[in-house]
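The values are calculated or read from the model by the stated rules, or taken from the named source; none is laboratory data. Since we're looking at a predicted model, the values are computed, not measured. All Cβ positions, even for glycine, are placed from backbone atoms using ideal geometry, and neighbour counts span all protein chains on display.
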Amino acid sequence: MIIRAIGCFLLFVLHVIPLHADTQWADREDTAAKKWLIKGKSRVIHYGKTDFSSDSQFWCMAEDADGVLYFGNNDGMVIYDGEDWTLVKLPNGSTVRGLYYASDGYVYVGGYNEIGRIDQDRYGRYRYESLTHVLRKEDQSFDDIWQVTENNDFIVFRSFKRIIAIKEKQAVTLPAEGRFEQISVVNDRLYAVDAWGIKRVSLKSMEMENLVEANQFKAEEISGLLPGWQANQLIAYTREGNSYLIDIQEGTAVHHKSYFENGSSDQVFCAIKSTEGQYYIGTINSMVKSYDYHVDDSKMISFDNLQDQTVLDLFQTRDGNIWALLNSGIDCIEISSPISKIFDDAAVYDATMYKEKFYIATNQGVYSAGLTKDDQTLIHRDFKLEDDMEAQAWSLHVYENQLLISHDRGVLVSDGQSLYHVEGTKGIWRVIPVNGKENLYLACAYDGLYVMEYTATGHFVFRNKVEGFEISGRDILPTNAPNTYWVCHGYQGVYKIKIDDGYQRTVSLEKYTDQNGLPSVYNNNVHIWGEDTVFTTVEGVFVYNDKQNKFVSHEFLTKTLTKERLIRKVFKEGDKTWFVQDDQMGYFMNDEKSPTLHMDLFLSLKGSYMKSMEYIMPLEQNQVLVGTNDGMFSFDLGGVSTPIVGATHFTQIIYKDDTDSLVYCPLPNGAGDILHLPNSTSTLLISYATSQFSAQKDVQYRYRLEQMDKNWSEWTTGSTKEYSYLKSGKYKFRVQSRTPLGEKAKEAQFVFEILPLWYQTTWARLIFMVLALIAAVLVRGVVRRKLQRTRHEAKKMKAALELEIANIKLEKEMVLVENDKKLLEEDLIYKSKELANYTILLLKKRELLTEMAEELKELRGKIKIASNKEIIRSLTRKINLNLQDEEHLNVFDTNFERVHQDFFKELKNNYPNLSQKEIRLCGFVRMNLTNKEIAAILNISVRGVETARYRLRKNLSLEKEINMVEFLEKLSTSESSELESAEEEYFKD
């Protein structure tokens, strides 16, 4: 086994093993080094004018139950909900130097001659309510309020002139002896500092009890009065930079510490005691200092990476972070964060411990910092760039008790005092010992492998280059076979090389690609995972099967890490397996059958790792060092938890109506609340935040609108979502939040409804359904009656047809009887037949023309092409002209007179005033044509025929009861008989 062989070699050469990120080398584990707890300083988040957009001098701070932060500055109050900054001014526009969140849920404010509180309306807007009116008129001039606190249900305001205590909108005041320099509530007791010294204040009796006279602390101005670490003890911090232990029972003050050197112009401006027992003091010139009261002589830690030297106030939020209110800006010191930064401004590739120095290899060169057991905290200023080690350094190794630097210039060797270059080497990725070969080392270069030898003189020297292998040896790992190595190339695949026993040349070279089981020739890396040699690829983790001479999937690792993302690194360390997927890192516990991937803690470093050269070094006590393009970070896994803390909440809901006006909506107050929006809503704008994560600038959100979105959105830093032209209906909007540390807040949700138009409502739909039902019933009745009428008419027509057929049969019999008579009147019959045929053909023709005219009229309405419309219009005109032509009527008149000479003669004799049209109408009536048939022949309406017949009756002087047809038939019986015979002949044909 490789590990045993390397272990034997290590015992033989007795060299010191370095702290190193690439744990694939079993011979490089350094148990002693891993006992170090290397930490950086807490990160500091800066907030400047571009964030809060108001005056940059801040005096005080408060935090409400929701985690919303309140800051007092020269413009008023700046309120920060985790996403947005809101400025609220006092009525007189004065500076706010006092803020306090009280037990009644209000934030109380003190300004110049102004006291009051902050409230939030139902629309999420903050407003100031003045309480100055509750004071007596003579007490309303008190100048600036410098402090606000709470004691025994009283809200206490301190100005230099007096202490003002308000309870249930009733106020009492206590004048100062000289001036009030400080007030403080310790163990539910209110203490005040004035010209006499330190006093205890009773708000019930409004009396003060003298405790410690000012001369006991040299009458120095007290800038902070805090609880001590023993019962009945206070600690007072003075402007001059001293602290005094105050014994309340004895009434004595004893000097405790001095924080500045003699002659220093620096001052202590403020002080607080954290919930962890640390004391923090803010200064005028040296920013923030802290120490632990548990250790009387504990080391003072300075936070000197703030954006301004002058600290006007300090405040600890419930998440444990310390906020520094500066003369110019606001800084948050992430005391509670499990992340600290050790080094920045360069890309870190490797690190190691050597002779009580911590070395890091970067793209700028090799940096080092002194490290002792007493002080394991490192920050950037502790590091210095090592001389002659500038430019790209890839890795660090400790062999033969010397530090070997794999450098762009070659192998550099240092003993902590002097440095030399191994001549003949250049462009080296790493140096590894040769298994089984004493004093031989492989320098893995850009263009192959170099062999170095450690000589008896205590120096490393170049011996030879391995012939037959010209490929980059960055990712190299020995196999179980002697003198055989795996080498991965990022673009060509995986090589297995065997070197001769003298390490002069390559004796065999096998190349493995996607033809040998690998999913791709790209992005393959080799690592040690426990006792397995594994290959990370674009589709999971693989191992080499020697019997099949191909690569096969590592079931457990591939299932755990999936094939969905590119795996760049994987290795075991203790009870954890560490990995890098794409641009994120994480770990899982080795004893879990279905491991959970822990990645959230490292979200802030996403995308900052060096691809395939990631630096990850687990230490003891759940610490891990991580190198990135932005520097080196330390993570404390023991301080990490991912509980659901606080809640995401809505800060503003606005919609635009049809006039494009903005309308503010009340914020949801409970799960049962439904926000009703008008149907004219064109745009809905929803803003949200997470106040508990106010110290994090990169809080991420994801949202989902149920009834519209199938899945959650991607995590983004945007805190606003806009929807446009939503359809009417009910919706539920949900939003979640998390920090770059993986801390998650409860999701927020609210239900809203886009109201429908009146005809989209349920009542309108019901009315429409009822009307439709009524209409259906009416239509059914009308159709039924029409069908009945049609059937009745069909019966009548059938009866008429049967009667007509019977008449025709009778006429045929009469024709047979009168056959001889027919021969004599053949000429007359022939003419009658011709006239009847002509009349019927005329009728059919005109009906056909009329139908054609109607169809052409419909067709013209459907045609879109103008030229085609004109053709249809022309055809219609021709048909109408033909219908209006009376030539056929003249032919009819002539032939009718010839056939019925006696009828026309008698008609004209009896009624000489009849016009030609009326005589023609008499002929049509005499032929027993219907009004409809007559209208078709004359090209007039049926109504016109009826009118003409009415006038004809008047001209014929016929009474209403006389049938016109019978009357005309009586004019000439013989003529009638002849006409009937002609019609009979027509039907025979």
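Values for this structure:
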{"quantity": "Residue match in segment 280-297 (condition: of a type in the set (S, T, N, Q), more than 29 Å from residue 629 (Cβ to Cβ) and within 37 Å of the chain's Cα centre (by Cα))", "calculated": "no"}
{"quantity": "Any hit, segment 172-179, residues being touching a residue at least 40 places away in the same chain (Cβ under 8 Å) and either closer than 18 Å to residue 289 by Cβ or in contact with a strand residue (DSSP E or B) (Cβ under 8 Å, 6 or more places away or on another chain) (or both)", "calculated": "no"}
{"quantity": "Per-region count, segment 563-581, residues in a loop (DSSP other than H, G, I, E, B), touching a Gly at 6+ places or on another chain (Cβ under 9 Å) and closer than 23 Å to residue 638 by Cα", "calculated": "0"}
{"quantity": "All positions within segment 779-800 that are within 29 Å of residue 928 (Cα to Cα) and of a type in the set (Lys, Arg)", "calculated": "786, 789, 791, 795, 796, 798"}
{"quantity": "Selection within segment 439-470 - surrounded by 18 or more Cβ atoms within 10 Å (Cβ to Cβ), part of a loop (DSSP other than H, G, I, E, B) and free of Cβ contacts under 8 Å to residues at least 40 places away in the same chain", "calculated": "none"}
{"quantity": "Residue selected from segment 285-303 under the condition closer than 26 Å to residue 98 by Cα and of a type outside the set (Ser, Thr, Tyr), by the criterion modelled with the lowest pLDDT", "calculated": "303"}
{"quantity": "Residues (surrounded by fewer than 19 Cβ atoms within 10 Å (Cβ to Cβ) and part of a strand (DSSP E or B)) located in segment 254-271", "calculated": "254, 255, 256, 257, 258"}
{"quantity": "Sole residue being out of contact with any strand residue (DSSP E or B) (no Cβ under 6 Å at 6 or more places or on another chain) and at pLDDT 85 or above, chosen from 243, 264", "calculated": "264"}
{"quantity": "Segments classed as strands (runs of 3 or more DSSP E), wholly inside segment 285-374, with at least 1 members that are among the charged types (D, E, K, R)", "calculated": "288-292, 311-316, 329-333, 339-344, 348-354, 357-362"}
{"quantity": "Residue match in segment 9-31 (condition: in a loop (DSSP other than H, G, I, E, B), modelled with pLDDT of 50 or more, under 30 Å from residue 636 (Cβ atoms) and in contact with a Phe, Trp or Tyr (Cβ under 9 Å, 6 or more places away or on another chain))", "calculated": "no"}
{"quantity": "Answer from 550, 611 - the residue that is surrounded by fewer than 20 Cβ atoms within 10 Å (Cβ to Cβ), under 17 Å from residue 524 (Cβ atoms) and in contact with a Gly (Cβ under 6 Å, 6 or more places away or on another chain)", "calculated": "550"}
{"quantity": "Unmet requirement for residue 603, which otherwise passes all of (1) at pLDDT below 95; (2) part of a strand (DSSP E or B)", "calculated": "(2)"}
{"quantity": "Scan of segment 647-661 for residues that are under 17 Å from residue 726 (Cβ atoms) and either assigned by TED's automatic domain parsing to the domain that holds residue 81 or surrounded by fewer than 18 Cβ atoms within 10 Å (Cβ to Cβ) (or both), ordered by number", "calculated": "654, 656, 657, 658, 660"}
{"quantity": "Filtered residues of segment 714-743 (kept if without any contact (Cβ under 8 Å) to a residue 40 or more places away in the chain and within 30 Å of residue 336 (Cα to Cα))", "calculated": "714, 715, 716, 717, 718, 720, 734"}
{"quantity": "Residue check, residue 685 surrounded by fewer than 19 Cβ atoms within 10 Å (Cβ to Cβ), over 30 Å from residue 338 (Cα atoms), at pLDDT 90 or above and outside the structural domain of residue 125 (by TED's automatic domain parsing)", "calculated": "yes"}
{"quantity": "Single residue of 410, 473 found to be within 19 Å of residue 352 (Cβ to Cβ) and crowded, with 18+ Cβ neighbours inside 10 Å", "calculated": "410"}
{"quantity": "Qualifying positions in segment 71-94 - in contact (Cβ under 8 Å) with a residue 24 or more places away in the chain, part of a loop (DSSP other than H, G, I, E, B) and surrounded by fewer than 18 Cβ atoms within 10 Å (Cβ to Cβ)", "calculated": "84, 89, 91"}
{"quantity": "Residue within segment 921-940 that is in the same structural domain as residue 849 (by TED's automatic domain parsing), small (Gly, Ala, Ser) and under 19 Å from residue 966 (Cα atoms) present", "calculated": "yes"}
{"quantity": "So residue 419, is it at negative phi and surrounded by 23 or more Cβ atoms within 10 Å (Cβ to Cβ)", "calculated": "no"}
{"quantity": "Restricting segment 340-386 to residues that are among the acidic types (Asp, Glu) and under 36 Å from the mean Cα position of the chain (by Cα), the residue that is modelled with the lowest pLDDT", "calculated": "345"}
{"quantity": "Residue satisfying all of: in segment 516-562; of a type in the set (A, V, I, L, M, F, W, C) and part of a loop (DSSP other than H, G, I, E, B); farthest from residue 613 (Cα to Cα) among these", "calculated": "518"}
{"quantity": "Test: residue in segment 173-188 that is over 25 Å from residue 70 (Cα atoms), in contact with a Lys or Arg (Cβ under 8 Å, 6 or more places away or on another chain), of a type in the set (A, V, I, L, M, F, W, C) and assigned to a loop (DSSP other than H, G, I, E, B)", "calculated": "yes"}
{"quantity": "Restricting segment 637-652 to residues that are of a type outside the set (Val, Ile, Thr) and modelled with pLDDT of 60 or more, the residue that is nearest to residue 599 (Cα to Cα)", "calculated": "637"}
{"quantity": "From 962, 934, residue being under 24 Å from residue 844 (Cβ atoms), among the aliphatic types (A, V, I, L, M) and free of Cβ contacts under 8 Å to residues at least 40 places away in the same chain", "calculated": "934"}
{"quantity": "Failed item, numbered, when residue 575 is tested on (1) surrounded by fewer than 14 Cβ atoms within 10 Å (Cβ to Cβ); (2) more than 30 Å from residue 358 (Cα to Cα); (3) among the acidic types (Asp, Glu)", "calculated": "(2)"}
